[in-house]
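The next block holds one structure in the form of structure tokens; read it before the comments.
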Amino acid sequence: MQANKPVREVVILGGGTAGWISASLLVKLLGKSIRITLVESDEIGIVGVGEATIPPIMTFNAALGIDEKAFVRATKGTIKLGIEFENWRQIGDRYMHAFGSIGKEFPSCNFHHFWVRSQKLGMPYDFWDFSLAYQAAVKHKFGHLAKIEGVNLPGLSYAYHFDAGLYAQFLRQFSENLGVRRIEGKVGQVLRHANSGDVATLVLQNGEQVHGDLFIDCSGLHALLIEKTLNTGYEDWSHWLPADSALAVPCASVEPITPYTKSIAHAKGWQWRIPLQHRIGNGFVYSSKYCSDEEAKATLLANLDGEPLAEPRKISFKTGRRRKQWSHNVVSIGLSSGFLEPLESTSIHLIQSGVLRLLKFFPNNGISPAMRDEFNRLSQIEFEQIRDFIILHYKLNERTDSQYWLDCARMDVPETLRRKMAMFRDTGMVQREQDELFSEIAWQQVMIGQGAIPQDYHPLVEALNETQLRDLMDNLKAVMQVTVNRLPPHQDFIDYCVR
């Protein structure tokens, strides 16, 4: 593309969650200055396993002006307060990565330092006694609560479970109402500019031509533009995250509808459980090196809560990221940009953050190489930070029942993760990088849940004597219990949304 050629025609290749998220945000915020065309084929299926989200989706929905009640009703949504990890440390263990805060924050000192000291003194407190989201989740409670009444403590932070296909339909209607043009068809040929190598035109199988200044590749694992056309290359992370396969199957709902996701570790992989209004989404993630498809299918079907509603569908993948997520005039969003297994429900978030990053760097009079390089630099950092958080779960396992888990525990990890783990083990501190997705509290929960209890704590904790520390812990625990008891059932919120 010429450096001074205005970007006015944006073409999105692929619908599904990635395509319609991209279309909806761009048309909402840039619809008066650009024209957006989305090309998709109903014959091409979507991966559609990303049915669980994390709290940043609230910011995204607010940017679009989406009404929560209409959203939950249209997508068969439920509330998500966290992810429960079962059997990840040892068989029979469970803990939760719960959203929101834990305990009470102090200047220059996180609450978990007080909890660590209480453990060294033999006090009988569980770390999650002080998590409002955890206490609400296990009691199947939910209510909108910005702050806990009577005390200066934050309320509930939450996200959603929803049907990814229905979510895409919801955003399609939203986008088309604002002027996005949708073209049904498959791409037969991609034409490039002779001099620049930029993508110029998508030629559909029916002969129709779609021209664009900027192309957004939402073609999923096919990566038709970013890889098959531009050959940007792929950074393979399977030596850290060896899973390369997943089986997905819905099953009938059971009551109560739990307001949290489950991740259940089995001998040769792990199973997700995502409760929706009309069904439960299930899947089994595994490595073909350690587990056959037949074993995976048997494990998955043997551990469903209700009758399966379809045959398990296999998804093959390679964990890693595209070396350039923006190359020439093509930006990859969603699975075309890379794949991280859905252990921490980051797939939809990565779509939304990718579109928000594109919006921030959106070109006006031509694409600047400096702009493109900075987009790629920030994308790489985000992927690597999430990668480290996912590796953490595997590295800290203490299971000895299969070679799979033994190999995961023995593997070398990225230097960035090694430093974080060593710092927490020695001092109890978590150094969060600027703009990192997962908070200090998220890291604390996974490391503590996996058995990594710090050897030391911050000296500010010593300002309280043993009696004062016990009083603090008792009072905070009581506040959480009283607050949760006042919350309405999660089912009440769903009933309100659907009526």
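Consider region 167-199 and keep the residues that are surrounded by fewer than 18 Cβ atoms within 10 Å (Cβ to Cβ) and assigned to a helix (DSSP H, G or I). The one that is farthest from the chain's Cα centre (by Cα) is Asn177. Of the residues examined, Met421 is one that is surrounded by 17 or more Cβ atoms within 10 Å (Cβ to Cβ), of a type outside the set (D, E, K, R) and outside the structural domain of Leu29 (by TED's automatic domain parsing).
Conditions (1) acidic (Asp, Glu); (2) surrounded by fewer than 22 Cβ atoms within 10 Å (Cβ to Cβ); (3) touching a residue at least 60 places away in the same chain (Cβ under 8 Å); (4) within 22 Å of His193 (Cα to Cα), marked per residue:
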{"residue": "Leu304", "(1), (2), (3), (4)": "no, yes, no, no"}
{"residue": "Trp326", "(1), (2), (3), (4)": "no, no, no, yes"}
{"residue": "Asn329", "(1), (2), (3), (4)": "no, no, yes, yes"}
{"residue": "Ser345", "(1), (2), (3), (4)": "no, no, yes, no"}
{"residue": "Gln352", "(1), (2), (3), (4)": "no, no, yes, no"}
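From the list Lys318, Lys268, Lys262, Lys314, the lone residue that is buried (at least 19 other Cβ atoms within 10 Å of the Cβ), touching a Ser or Thr at 6+ places or on another chain (Cβ under 8 Å) and in contact (Cβ under 8 Å) with a residue 40 or more places away in the chain is Lys268.
Counting the residues of region 184-203 that are touching a residue at least 40 places away in the same chain (Cβ under 8 Å), of a type outside the set (A, V, I, L, M) and under 19 Å from Gly220 (Cβ atoms) gives 3. Among the criteria (1) surrounded by 19 or more Cβ atoms within 10 Å (Cβ to Cβ); (2) closer than 28 Å to Ser33 by Cβ; (3) of a type in the set (Asp, Glu), the one Glu208 does not fulfil is (1).
Residues that are crowded, with 20+ Cβ neighbours inside 10 Å and modelled with pLDDT under 95 do occur in region 108-116, at least one of them. The residue list Tyr160, Tyr125 contains one member that is over 30 Å from Leu406 (Cβ atoms), crowded, with 23+ Cβ neighbours inside 10 Å and not hydrophobic (A, V, I, L, M, F, W, C), which is Tyr160.
Residues are listed down the side, and each one gets a yes or a no for (1) surrounded by fewer than 18 Cβ atoms within 10 Å (Cβ to Cβ); (2) at pLDDT 95 or above; (3) more than 26 Å from the chain's Cα centre (by Cα):
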position	(1), (2), (3)
Met1	no, no, yes
Asn4	yes, no, yes
Arg8	yes, yes, yes
Leu13	no, yes, no
Ser22	no, yes, no
Leu25	no, yes, no
Leu29	yes, yes, no
Arg35	yes, yes, yes
Val49	no, no, no
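What about Gly207, is it in a loop (DSSP other than H, G, I, E, B), within 21 Å of Trp20 (Cα to Cα) and assigned by TED's automatic domain parsing to the domain that holds Ser336? When the stated conditions are applied, Gly207 does not pass them.
Pairs are defined by a Cβ separation below 8 Å, a sequence spacing of at least 6 or placement on different chains, a first member in region 145-157 that is surrounded by fewer than 11 Cβ atoms within 10 Å (Cβ to Cβ), and a second member that is in a loop (DSSP other than H, G, I, E, B); the pairs so defined are Ala146/Gly155. Taken over region 220-241, the criterion of being buried (at least 19 other Cβ atoms within 10 Å of the Cβ) and either within 19 Å of the chain's Cα centre (by Cα) or part of a strand (DSSP E or B) (or both) is satisfied by Gly220, Trp237, Trp240, Leu241.
Results for (1) within 30 Å of Lys76 (Cβ to Cβ); (2) among the β-branched types (Val, Ile, Thr), shown as yes or no for each residue.
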| position | (1), (2) |
| --- | --- |
| Thr400 | no, yes |
| Met411 | no, no |
| Arg418 | no, no |
| Val430 | no, yes |
| Gln434 | no, no |
| Ile441 | yes, yes |
| Gln455 | no, no |
| Asn475 | no, no |
| Val484 | yes, yes |
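Kindly establish whether Ile386 is among the hydrophobic types (A, V, I, L, M, F, W, C), part of a helix (DSSP H, G or I), buried (at least 17 other Cβ atoms within 10 Å of the Cβ) and modelled with pLDDT of 95 or more. Yes: the conditions hold for Ile386.
Among the residues here, Arg419 does not qualify as of a type in the set (Lys, Arg), closer than 25 Å to Asp93 by Cβ and part of a helix (DSSP H, G or I).
The values are calculated or read from the model by the stated rules, or taken from the named source; none is laboratory data. Please read all numbers here as calculations on a predicted model, not as lab measurements. Positions of Cβ are backbone-derived with ideal geometry, glycine not excepted, and every protein chain shown enters the neighbour counts.
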